Amino acid sequence: MNRNGKKIALLAAVFLGAAAFAGARLLAGEESSGLPPAAAAAMRAINPENLRAHVRFLSHDLLEGRGTGARGGEIAAEYIATQFALAGLKPGGDNGSFLQKVPMMGVQTLPETTFTLQPAAGAPLALKLLEDYVTGDQTQRPSSEIDAPVVFVGFGIHAPEYNWDDFKGLDLRGKVLVMFVAEPASDDPKFFKGKALTYYGRWTYKFEEAARRGAVAALIIHRTDLASYGWEVVRNSWGGEHSYLERDATPVLQAASWISWDVAKKLVAFGGHDLDKLFASAQSRDFKPIELPVRLKAHIASKLRPFVSTNVLAYLPGADPARRSEAVFFTAHYDHFGINPDLPGDKIFNGAMDNATGCGILLEMARVYGSLGTPPARSVYFAAVTAEEQGLLGSEFLGKHAPLARGKIALDLNFDNVPPLGDPGEVEVSGAERTTFFPQVEETAKEFGLANKPDPRPEAGHYYRSDHFSLARVGVPGFSVNQGVKFAGHPAEWGLAQAKDYVDHRYHQPSDEYKPEMDFSGTAKIARFGFALGWKAATLPSLPAWLPGDEFETARKESQKP
């Protein structure tokens, strides 16, 4: 343990001391979940007060919001590495350490950035940064200039499997593309998966596709009901420094941007169009791109900061020499948005629920797995990843630079924003049904007395918004493990109201803070559920796979070729 690790361990003792005296409090009625006695005992030792202590520390003002590449984020990484060491796990990072270096570039859009819409006839419209639009220069240059025509491209999607093409062969090189967030509305599960959002609806896909087609900029039109969050989330997410992985040959945009609904109305009105009518026409396969009589004139000024962030990796070697080279992964992101000095009042994005809770689960599972006398057959990896809030960057790097062959990673179980609301009666594992591991998920849920409920808001596209997705893209079966909306002593409406209140008032806001009244008993139950899933995946006779026809099946097969 290095000097920094010792300092963090000493500081953490203040927070963990209370949990140590509290002892393990078990949830009544929990079963052994089909695990061998030693594993069942370790699972039951998961302590809600340890979870509380981890969350309280990681979301404390001293950690300054755990910004990517900032001091608070580095403290969080050292704290997590120290906890992994105390658990007796082996380092899984670079050069025999717990840290995997992730080279990055911080890009902060400066106030002197300007966006002006210049119609062919009439007065120009100057937009206000953060109020009317947000933008980031993916080229990682200090400044970029844009003077380019604007093309409205519907939802900005090319999906051959659904016979959908918003571009219709139009040459879009050097253009500015305007598109709606989300994807065409559908109740047909065979068409864009019905109400469930696919990756085509995510902003990351839209920026990627625009860049692939040679566009210089993309303007995503925000609408709260379609995005599943308000403009303040967009502003907070993009208003400070935005991080990128080191540049490679992948095409990028000079201005990856969002614009408000009101600005979009004015933009399309320059061409005599009504935005609501365009939204209706964009629902059709017959939609064709519309070249608007307007140019975007922009100056994007950026402050650049090259830095190295870290993923924190540890592992428990498997007991079976024949399967020790295979592994189950547990993941959670530790980063949040740091400090925004321009905000009035509270400026620290503490990120208590998002995602100190997931980190607490990861650390507590690492502790009890590390206590096992005999580990499961396959190895078990614990990965606390960086830069999730910047676009799943830490997990993307992990997927590309995994500590073992991707084809030998059995499963990724991810924990992200697990609300400490009490004893859950349901579990949500959206995406598990796409894997051959789903029968074990259903079996384990029954053993825990948990109803396996589908995502109540599939249109929000939660599957594509957390770190398991990065591993899925390289073929690893994975999904996040979370609670549903039904809690003991409350109707489902109460749980839905809690979720809505969080999104409206705390999600990606400084108000996401630790509160002493938080009830971690249910968070511990989800941790135990995850422990049981991980043990079963680590002892299955064969590796889990994606179901035939799934979008990630090809990547899995490619990763397992000799």
**Report entry** Residue within segment 45-59 that is polar (S, T, N, Q), in a helix (DSSP H, G or I), under 23 Å from VAL385 (Cα atoms) and touching an Asp or Glu at 6+ places or on another chain (Cβ under 7 Å) present
**Finding:** yes
Query raised in the report: If you check ASP262 against the conditions, is it surrounded by fewer than 18 Cβ atoms within 10 Å (Cβ to Cβ), in a helix (DSSP H, G or I) and under 30 Å from the mean Cα position of the chain (by Cα)?
Result: yes
Requested in this report: Return the only residue of GLY122, GLY106 being modelled with pLDDT under 95 and part of a strand (DSSP E or B).
Outcome: GLY106
Query raised in the report: Is there a residue being surrounded by fewer than 22 Cβ atoms within 10 Å (Cβ to Cβ) and part of a strand (DSSP E or B) anywhere in segment 172-184?
Result: no
Requested in this report: For SER325, indicate whether it is surrounded by fewer than 16 Cβ atoms within 10 Å (Cβ to Cβ) and hydroxyl-bearing (Ser, Thr, Tyr).
Outcome: yes
Query raised in the report: Does segment 515-526 include one or more residues that are among the charged types (D, E, K, R), touching a strand residue (DSSP E or B) at 6+ places or on another chain (Cβ under 7 Å) and surrounded by 19 or more Cβ atoms within 10 Å (Cβ to Cβ)?
Result: yes
Report task. Answer yes or no: is there a residue in segment 373-383 that is touching a Lys or Arg at 6+ places or on another chain (Cβ under 6 Å) and hydroxyl-bearing (Ser, Thr, Tyr). Result -> yes
Report task. Tell me which of these ARG25 doesn't satisfy, since it passes every other one: (1) at pLDDT 50 or above; (2) surrounded by fewer than 21 Cβ atoms within 10 Å (Cβ to Cβ); (3) touching a Ser or Thr at 6+ places or on another chain (Cβ under 9 Å); (4) not aromatic (Phe, Trp, Tyr). Result -> (1)
Query raised in the report: What pairs come up if the first residue lies in segment 314-328 and is more than 15 Å from GLY407 (Cα to Cα), the second is among the charged types (D, E, K, R) and crowded, with 24+ Cβ neighbours inside 10 Å, and their beta carbons are under 6 Å apart, counting only those six or more places apart or on different chains?
Result: GLY318/ARG378
Requested in this report: Filter segment 95-127 down to the residues that are within 23 Å of GLU389 (Cα to Cα) and among the aliphatic types (A, V, I, L, M), then identify the one that is surrounded by the fewest Cβ atoms within 10 Å (Cβ to Cβ).
Outcome: LEU110
Report task. Inspect segment 536-549 for any residue being polar (S, T, N, Q), under 27 Å from GLU49 (Cβ atoms), crowded, with 18+ Cβ neighbours inside 10 Å and in contact (Cβ under 8 Å) with a residue 60 or more places away in the chain and give the result as yes or no. Result -> no
Query raised in the report: Does ALA45 fit the bill of being more than 27 Å from the chain's Cα centre (by Cα), at pLDDT 95 or above and either buried (at least 21 other Cβ atoms within 10 Å of the Cβ) or not basic (Lys, Arg) (or both)?
Result: yes
Report summary line: A careful count of residues in segment 221-246 that are without any contact (Cβ under 8 Å) to a residue 60 or more places away in the chain and either surrounded by 23 or more Cβ atoms within 10 Å (Cβ to Cβ) or among the small types (Gly, Ala, Ser) (or both) gives 3
Report summary line: Of the residues in segment 339-378, those that are farther than 30 Å from ALA322 by Cα and either aliphatic (A, V, I, L, M) or assigned to a helix (DSSP H, G or I) (or both) come to ILE339, LEU343, ILE348, ALA352, MET353, ASP354, ASN355, ALA356, THR357, GLY358, CYS359, GLY360
Query raised in the report: Among (1) over 23 Å from PRO544 (Cβ atoms); (2) among the aliphatic types (A, V, I, L, M); (3) at pLDDT 95 or above, where does LEU404 come up short?
Result: (1)
Requested in this report: For residues that are part of a helix (DSSP H, G or I) and out of contact with any Phe, Trp or Tyr (no Cβ under 8 Å at 6 or more places or on another chain), scanning just segment 461-475, find the one that is surrounded by the fewest Cβ atoms within 10 Å (Cβ to Cβ).
Outcome: ARG465
Query - Residues within segment 265-305 that are of a type in the set (D, E, K, R), in contact with a helix residue (DSSP H, G or I) (Cβ under 8 Å, 6 or more places away or on another chain) and either part of a loop (DSSP other than H, G, I, E, B) or buried (at least 20 other Cβ atoms within 10 Å of the Cβ) (or both), tallied - result: 1
Query raised in the report: For residues in segment 387-442 being of a type in the set (S, T, N, Q) and part of a strand (DSSP E or B), which is surrounded by the fewest Cβ atoms within 10 Å (Cβ to Cβ)?
Result: THR435
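The values are calculated or read from the model by the stated rules, or taken from the named source; none is laboratory data. Note that the coordinates shown come from a computational prediction; the quantities given were computed from them, not determined experimentally. Using ideal geometry, Cβ is built from the backbone for each residue, glycine included, and neighbour counts are taken over all protein chains shown.
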